[in-house]
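All remarks here apply to the structure that follows.
None of the figures in this text is laboratory data; all of them are computed from the coordinates on show. A quick note: this is a predicted structure, and the numbers were derived from the prediction, not measured. Here the Cβ is made from the backbone with ideal geometry for all residues, glycine too, and neighbour counts use every protein chain on show.
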Amino acid sequence: MSKKLNESLIMKALDWAYSKAITQSLPGLDSAYSLAEDYLKEKGTLAEKVDSLIRWQNTKAAAFGFASGLGGFVTVPVAIPVNLASVMFVQVRMIAAIAIMNGYDVKDDRVKTMIFACMCGSAGGDILKNVGIDIGSKLLHTVIHKLSLETIQQINKAVGFRLLAKFGEKSAVNMGKAVPLIGAVIGGTFDAVTTNIIGEVAKKAFLNVDPDIKSE
């Protein structure tokens, strides 16, 4: 890395992952929209379809963690380790797809902020609670539409701080430089576990809305 990892770089990497997940995607990988459409076609309830999506993304995250632990293959225009950026993309795309499946407009900056908060896992609920948002509320979609710019900035700042600590933990368990194969396996397992936690938080946050409701 040419720069020390900090909150600003974390948020820039999140923006990169979000842009790729929503608009451009990465070679060989579908966008969040396509992902949501594919899982909505499956049989079962909406909750079951979301669960299916989360399970598959856990596998994806593990695979990305393993591959990046062996050297990486994603070009990231941000001074952040490729193993963090690649898994960040998988996780952001998963959350965005869950939001789309539940009728949210992921091009709305307020929804984008909620997706970033979900990236913090269980800590995301605490971040939102501090600004008066309960992710378990069935009125969440109404609350999101009333978020002020000041509140969005407050949430994003807290997200950057929490993710910096989180990715510091990931670096601590990544032994790739010392023992590449072991580091890859540990990194992949860590990514799969954290992706599952994030997916469950996103499910709790977005599933309560009627899928016919769209962002205003």
Exercise for review: With label points built 7 Å along Cα→Cβ from the Cα atoms of residue 41 and residue 15, find their separation and express it in nm.
Suggested key: 3.5 nm
Review point. Modelled label-to-label distance, residue 30 and residue 55, 7 Å Cα→beta-carbon offset: nm?
Key: 1.7 nm
**Study point:** Protection-proxy order for peptides 6-17, 89-100, 42-53, each taking the mean of Cβ atoms within 10 Å per residue, highest first
**Key:** 89-100, 6-17, 42-53
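Output the pairs from 112/204; 20/112; 20/129 with a Cα-Cα distance over 21 Å in this structure; if there are none, say none. Kindly include the intermediate steps, with their values, before the conclusion.
Numbers: 112/204 16 Å; 20/112 13 Å; 20/129 29 Å.
Pairs exceeding the cut-off: 20/129.
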